[in-house]
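A.B. asks: Can you keep this structure in mind? I'll have questions shortly.
Nothing in this text is a laboratory measurement; each read-out follows from the coordinates by a stated rule. Keep in mind the model is a prediction, meaning the values are calculated, not measured. FYI the Cβ positions are ideal-geometry reconstructions off the backbone, even for glycines, and counts take in every protein chain you see.
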Amino acid sequence: MIDLLSSVCFGIGIFFWFWGTWPLVGNRSVLFKLHSLSVSDTLGSMAIIIGLLLKLPHEWPLLLLALISLAIWNTVLGYVLAYCASGRGRYD
């Protein structure tokens, strides 16, 4: 049962990775593309880490740290990239 749940989490994670990559070929703005890619990549990576947590429960401290770091890093990185793309971060 745990192996099945873990495999489902892996599948969901890979689905989110591809789902976020698909809008890159569209005609939307760069910020929309960046936002959809970063959100889906974060969710996909978190689902994969949860799948690993189900398979390797003895590694929970390290995997929990990875989950928290992933959530914080991708959120802050998204804000920094949006700020830089807005043009306010330029030195003219």
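A.B. asks: So which of Ser45, Ser6, Ser36 is out of contact with any strand residue (DSSP E or B) (no Cβ under 7 Å at 6 or more places or on another chain), more than 26 Å from Cys84 (Cβ to Cβ), in a helix (DSSP H, G or I) and hydroxyl-bearing (Ser, Thr, Tyr)? Steps first, answer last, please.
C.D. replies: Working: Ser45 fails: more than 26 Å from Cys84 (Cβ to Cβ); Ser36 fails: more than 26 Å from Cys84 (Cβ to Cβ).
Criteria check complete, one pass: Ser6.
A.B. asks: Something else about it: Please specify each residue of segment 27-85 satisfying the condition of being closer than 20 Å to Ile14 by Cβ, of a type in the set (S, T, N, Q) and more than 15 Å from the chain's Cα centre (by Cα).
C.D. replies: Result: no residue meets the conditions.
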